[in-house]
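In what follows, a structure is listed as structure tokens, so that the remarks can point back to it.
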Amino acid sequence: LPDAAVKESYPRIKAAVGASGLEFPKGNITINLAPADRIKQGTAFDLAILVSMLKCTTLVSANTDGMCFVGEVSLSGVLKSTKGVLSMCIAAKQAGIKDVFVPTANVCEASVVDGINVYPVKDINSLVMHLLGMEKIQPFCVDREKLFENSLETVCDMCDVKGQENAKLSLEIAAAGMHNVLMIGPPGTGKSMLAKRLPTILPSMTFEEALETTKLYSVAGKLRGKSGLIKNRPFRSPHHTVSPVALSGGGTVPKPGEVSLAHNGILFLDELPEFSRTTMETLRQPIEDGEITVSRVAGSLTYPCSIMLVAAMNPCPCGYSGHKTKICTCSLAAKERYQNRISGPLLDRIDIQIDVPAATYDEISGKKETPESSAEIRKRVEKAREKQRERFKGTDVTCNAAMSAVQTRKYCVLSEEAQQLIKAHYENLGLSGRAYDKILRVARTIADIEGYDIIQCSHMMEALCYKNIH
């Protein structure tokens, strides 16, 4: 089941062998790509096919046991980069292979995997010389600790946002527990600025998280940079015209979508009501389960998508409902239609809803106190995350937002006053079971930030306020 790129590999390899001055096998040649029932896609098979064919002529005496060959062969014999090299190297290691040969352009990406020897191959001739023992290619060596040094970009900082102290506090809570957020406010109040600076207060990725994210970008062919490893949490902000397939993933052979490319990071949806209903509803299952299964005729693939959903919207079509000075021109029916574009089930999956009002002149002009920097906020977030890592040690859960129902009951211990408060509000607010659990998790995060083991009444009150703005 090869695609066009695989079918075209034979004439491409034949031309490359001729251009390199090597002997091409004579007679009929049969190339078997196993297993036969699996779709074969892309140019990564070129180098393996070429080595197999040269084993009949030039490389007949070479020992290629325990070796893996990955890369696209150009007509001149030079190797070009290919997608998914990181995943292939991980699979090679799991299969017990020690030596992996990849194009020079992919060597940094491949060297992320520990326990294998990665050989950068420039062209066919250098590979042939190596396999024949004439001129050895040296394995690529990298200091993995240096490779994963923190490289958090500081171009954006929370201190750039004037005012909005309540919104910043809410985002600090969201970052500490990886909770989904919806910001509601008039145009120009700083919703997008806050969202773009949110990654600067998130905890650093662990090596395992960075490896998972890098694998997805490698498969999608979106890996950039020389290090070969994505060290900063991704921030994806698709336009509201994005299709459901582009958001969730798909294609003839399923590829990761925006929700998977934001794995271990943030998916920001600006002007949320402007997204199509179908597009928004595709987020229901992924943000709940942390993974998405894309099924097509060619096959079914599951991609991880443990994300923090951050959305922003205006309170009405004109944007000025509730504004201190500007008059809203929308009718009550128009406001309801606009807000009802976001379905109840999707809204139920959002942990924190923030009101972002217009800032005052003193706040905008900077006459008030200098705002906190991202580094200062990040220290408190890291401290709260450390408590969570200790709490969930030995499990797959890393933050409060990802707690299961059983874990929520176990770790969200309430004081007597907090229990009475949530009991009084449960029926008055018409909360669902999911919303109830999310309120408990947000309250748990607030308590972690303030250093409490038992959730107090003040923590529960704050968590309830975040769920009742829309």
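No value in this document is a laboratory result; all are computed from the given coordinates. Note that the coordinates shown come from a computational prediction; the quantities given were computed from them, not determined experimentally. Glycine gets a Cβ as well: all are built from the backbone with ideal geometry, and neighbour counts include every protein chain shown.
Rounded to the nearest 20 Debye, what is the dipole magnitude of the range 283-356 about its Cα centre when Lys and Arg each give +1 and Asp and Glu each give -1 at the C-beta?
Dipole of the range 283-356, to the nearest 20 debye: 440 debye.
Using a cut-off of 25 Å between alpha-carbon atoms, which lysines can reach residue 324, once sequence neighbours fewer than 8 places away in the same chain are excluded?
Excluding near neighbours in sequence, the set is 162, 168, 191, 335, 367, 368, 467.
Considering only Cα-Cα distances, which of the following residue pairs are longer than 26 Å: 215/379; 98/393; 93/222; 222/379; 93/383? List each step's numbers first, then the result.
Working: 215/379 29 Å; 98/393 32 Å; 93/222 23 Å; 222/379 31 Å; 93/383 36 Å.
Correct reply: 215/379; 98/393; 222/379; 93/383.
Need one number: nm distance between label points at residue 99 and residue 242, each 7 Å from Cα along Cα→Cβ, rounded to one decimal.
So the label points at residue 99 and residue 242 sit 4.4 nm apart.
Select from the range 276-383 those GluC sites (Glu not before Pro) which occupy a DSSP coil region and have at most 12 other Cβ atoms within 10 Å, ordered by residue number. Show your work: numbers first, answer last.
Details: sites: 281, 288, 291, 336, 363, 369, 372, 376, 382; in loops: 369, 372.
In loop regions of the range 276-383 (DSSP not H, G, I, E or B), the sparsely surrounded GluC sites (Glu not before Pro) are 369.
Between rounded, prolate and oblate, where does the range 171-254 land on the alpha carbon gyration tensor, with a ≥ b ≥ c its root eigenvalues, rounded for a/c under 1.5, else prolate if a/b exceeds b/c?
Working: a/c = 2.19, a/b = 1.27, b/c = 1.72.
Note, shape of the range 171-254 comes out oblate.
Once the Cα atoms of helix 433-450 and of the chain are each reduced to a long axis, what angle between those two axes, in degrees from 0 to 90 to the nearest 10, is obtained?
Approximately 90 degrees, to the nearest ten.
Tell me the chymotrypsin sites (Phe, Trp or Tyr not before Pro) within the range 20-114 that lie in a loop according to DSSP and have at most 12 other beta-carbon atoms within 10 Å.
On the way: sites: 45, 69, 101; in loops: 45.
When the chymotrypsin sites (Phe, Trp or Tyr not before Pro) of the range 20-114 are filtered for loop state and at most 12 Cβ neighbours within 10 Å, nothing remains.
Counting Lys and Arg as +1 and Asp and Glu as -1, each charge on the Cβ, what is the dipole of the chain about the Cα centre in debye, to the nearest 20? Each step should come with its number before you reach the end.
On the way: 56 positive and 52 negative charges, 159 e Å.
Result for the chain is approximately 760 debye, rounded to the nearest 20.
Using the Kirkwood formula over every pair of different C-alpha atoms, what hydrodynamic radius in Å results for the chain?
On the way: mean 1/r = 0.0398 Å⁻¹.
The Cα-based Kirkwood calculation yields 25.2 Å.
Which one of 6, 89, 51 is farthest out on the positive end of the charge dipole of the range 1-126, using unit charges on Cβ (Lys, Arg +1; Asp, Glu -1) and the Cα centre as origin?
The residue sitting farthest along the positive end of the dipole is 6.
What FRET efficiency comes out for residue 166 versus residue 382 if R0 is 25 angstrom and r is the Cβ-Cβ distance? Round to the nearest 0.05.
Values: r = 22 Å, r/R0 = 0.88.
The formula returns an efficiency of 0.70 here.
Rounded, prolate or oblate: pick one for the range 333-470, where a ≥ b ≥ c are the square roots of the eigenvalues of its C-alpha gyration tensor, a/c under 1.5 means rounded, and failing that, prolate if a/b is larger than b/c, else oblate. Each step should come with its number before you reach the end.
Details: a/c = 1.74, a/b = 1.10, b/c = 1.58.
It comes out oblate by the Cα gyration axes.
Which of the trypsin sites (Lys or Arg not before Pro) across the range 244-352 are loop residues per DSSP, with 13 or fewer other Cβ within 10 Å?
Working: sites: 277, 284, 296, 324, 326, 335, 337, 341, 349; in loops: 324, 326, 341, 349.
Hits after loop and neighbour filter: 324.
How big is Rg to Rh over the range 283-351, alpha-carbon atoms, Rh as the Kirkwood inverse-mean-distance radius? Before the final figure, lay out the partial values.
Values: Rg = 17.7 Å, Rh = 14.9 Å.
Computed over Cα atoms, the ratio is 1.18.
Treating cross-link reach as a plain straight distance, find the aspartates and glutamates whose alpha-carbon is under 14 Å from the alpha-carbon of residue 255, omitting any fewer than eight places away in the same chain.
Within the straight-line limit of under 14 Å, residue 255 reaches these aspartates and glutamates: 291.
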